[in-house]
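Participant: Right, I'll just put the structure down here and ask away after.
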Amino acid sequence: MTTPVSLECQHTLATAVLLAPGAEDLPADERLEPGPLSRQEALELLALSEVIARKAAYGRQLTVRSARAAGASWTQIGAALGTTKQSAWEAHSRWIDQQASQRSAYGHQSMDSQQAAAARALAGSPDNEAPT
């Protein structure tokens, strides 16, 4: 069965987006009338969409981390994300926690306890405007 986990290891964000179907990309003479997807096609598309969402979210959090390391405040990060400093900090903190728990559950593609501790220290609190 196709799952996000099975696809995530195979594809980068770029390849996942390229694989997502888009009839508009086909030459006009090759376009088919839209019709219902088979169960397998629908599930594969759903799993691929989840991979795209996960990889985009991961990239966003890495960029938040980079902004923090460059001296950005949570107010600035929140504004760049179109949210509040508190919401931005909470989302980033949840991401760090998820990375640490994935490492203990799966042992790869995530943060170990030292990396998570360093990320938490860099994140600080939403009221701590500059990284320590």
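The values are calculated or read from the model by the stated rules, or taken from the named source; none is laboratory data. Predicted model only: the values in this text are computed from it and were never measured. FYI the Cβ positions are ideal-geometry reconstructions off the backbone, even for glycines, and counts take in every protein chain you see. In case anyone asks, the SASA skips ligands and DNA or RNA and just uses the protein heavy atoms, side chains included. Shrake-Rupley method; radii C 1.70, N 1.55, O 1.52, S 1.80 Å.
Participant: What are the residues in region 54-66 that are out of contact with any Ser or Thr (no Cβ under 9 Å at 6 or more places or on another chain) and surrounded by 14 or more Cβ atoms within 10 Å (Cβ to Cβ), if any?
Facilitator: The answer is 54, 58, 60, 61, 64, 65.
Participant: While we're looking at this one, here's another question. Pairs under 6 Å by beta carbon, first residue within 15 Å of residue 10 (Cα to Cα) in region 43-55, partner hydroxyl-bearing (Ser, Thr, Tyr) and open to solvent by 60 Å² or more (accessible area, probe 1.4 Å), six or more apart or different chains?
Facilitator: Pairs that qualify, where the first residue is within 15 Å of residue 10 (Cα to Cα) and the partner is hydroxyl-bearing (Ser, Thr, Tyr) and open to solvent by 60 Å² or more (accessible area, probe 1.4 Å): there are none.
Participant: Only helices (runs of 4 or more DSSP H) wholly contained in region 1-83 count here; list those with 2 or more residues that are modelled with pLDDT of 70 or more.
Facilitator: Once the helices (runs of 4 or more DSSP H) in region 1-83 are filtered for at least 2 residues that are modelled with pLDDT of 70 or more, what remains is 4-8, 39-69, 74-81.
Participant: Identify, please: which residue in region 79-96 is surrounded by fewer than 19 Cβ atoms within 10 Å (Cβ to Cβ) and small (Gly, Ala, Ser) and is, among those, farthest from residue 6 (Cα to Cα)?
Facilitator: 79
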